[in-house]
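Have a look at the structure below before the remarks.
Please treat every number below as a calculation from the coordinates, not as lab data. None of the values given here were measured: they were computed from a predicted structure. Please note: Cβ atoms are built from the backbone with ideal geometry, for glycine as well, and neighbour counts cover all protein chains shown.
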Amino acid sequence: MARIVILTGAGVSAESGIRTFRASDGLWEEHRIEDVATPEGFARDPALVHRFYNQRRAAAAAALPNAAHLALARLEAAGAHQLLVVTQNVDDLHERAGTQNLIHMHGTLAGALCAACGHRWPAPAEMAPQDSCPRCLHPATRPDIVWFGEMPYRMEEIWAALRAADLFVSIGTSGNVYPAAGFVADARRGGVATLELNLEPSQGTRFFDEARHGPATQVVPAWVDEMLCT
Ligand code: OAD
């Protein structure tokens with residue numbers, strides 16, 4: 001049973017209608033990272049940050065998993081390989097497609113986090129700065145999203161899985177944001193085979209043993225079909 005670690009990024013959800021970050025019409029063209037994706041930005045203007053993530057939560061709720069999400073769930077359900085999907089995405093399209101073994105390393109729009117006491121609870125559709133934590137009652141509610149300058153979730157588990165893997169596959173990510181952008185180098189150091197599936201060559205494309213370029217809804221199902229035939 002091959003152990004496969006799959007990293008996904010915004011490109012896997014693009015064909016579901018969710019905007020990526022770094023395209024010419026991407027989210028970071030309209031919003032400054034410092035304003036909406038850092039703890040300092042949240043401290044300065046929590047209403048702006050909540051508005052940004054409320055919009056993204058609504059966009060994710062309106063989207064449906066696409067053929068790439070569904071293919072990854074099919075590969076896991078077939079049971080011939082041991083899969084871990086690590087996503088940088090904060091939408092819930094992998095779980096709605098049926099993926100079970102999933103880590104949201106950058107958090108999730110579905111979660112609320114108390115900046116005062118660390119308590120977590122399911123996020124309502126709309127969040128606002130005056131919302132208080134159900135446990136400590138502090139009005140310090142924030143989205144459960146990992147911002148720049150914060151440590152992504154479950155890193156020890158991810159690195160352990162990478163070390164033990166037979167294959168690392170990176171899907172729909174530009175390779176700009178660490179530590180995820182470093183997974184290909186981590187995998188290679190451990191002798192793990194590496195494959196990139198992306199619309200175009202990523203920043204780190206040269207580090208992969210193999211790269212296939214095209215829309216995720218085409219290249220991912222095609223790769224999954226191959227994996228299920230071998
Ligand atoms: P980016 O927007 O940086 O990159 C998306 C990648 O997906 C690009 O390489 C595109 O070429 C590719 N792509 C676009 N459409 C595609 C399609 N239909 N099929 C396949 N690939 C496609 O998004 P990420 O790499 O996910 O972090 O960004 C990483 C992190 O940066 C995000 O998690 C977010 C952001 O800042 C935080 O907010 C902490």
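Structural remarks
- Some residue of the stretch 84-98 being more than 16 Å from the ligand (Cβ to nearest atom) and of a type in the set (A, V, I, L, M): yes
- Qualifying residue in the stretch 184-195 (condition: within 8 Å of the ligand (Cβ to nearest atom), in contact (Cβ under 8 Å) with a residue 12 or more places away in the chain and of a type outside the set (Gly, Ala, Ser)): no
- Qualifying position, being touching a helix residue (DSSP H, G or I) at 6+ places or on another chain (Cβ under 9 Å) and not in a loop (DSSP other than H, G, I, E, B), among Pro129, Pro143: Pro143
- Check on Ala140, surrounded by 13 or more Cβ atoms within 10 Å (Cβ to Cβ) and either free of Cβ contacts under 8 Å to residues at least 12 places away in the same chain or among the aliphatic types (A, V, I, L, M) (or both): yes
- Pair list, Cβ < 7 Å and 6+ apart or interchain, from the stretch 212-224 residues that are among the hydroxyl-bearing types (Ser, Thr, Tyr) to residues that are surrounded by fewer than 20 Cβ atoms within 10 Å (Cβ to Cβ): Thr217/Glu15; Thr217/Ala67
- Checked against (1) of a type outside the set (A, V, I, L, M, F, W, C); (2) surrounded by fewer than 19 Cβ atoms within 10 Å (Cβ to Cβ); (3) assigned to a helix (DSSP H, G or I), Gln82 meets all criteria but (3).
- Elements of type helices (runs of 4 or more DSSP H) contained in the stretch 1-49, each with 3 or more residues being near the ligand (Cβ under 9 Å from one of its atoms): 10-14
- Identity of the residue in the stretch 81-110, touching a Ser or Thr at 6+ places or on another chain (Cβ under 9 Å) and of a type in the set (A, V, I, L, M, F, W, C), that ends up nearest to Asp144 (Cα to Cα): Val90
- The stretch 34-75, residues that are surrounded by fewer than 15 Cβ atoms within 10 Å (Cβ to Cβ) and out of contact with any helix residue (DSSP H, G or I) (no Cβ under 8 Å at 6 or more places or on another chain): Pro39, Ala43, Ala47, Gln55, Ala58, Ala61, Ala62
- Lone qualifier among Leu167, Leu197, Leu228 - being more than 21 Å from Ile103 (Cβ to Cβ) and not basic (Lys, Arg): Leu228
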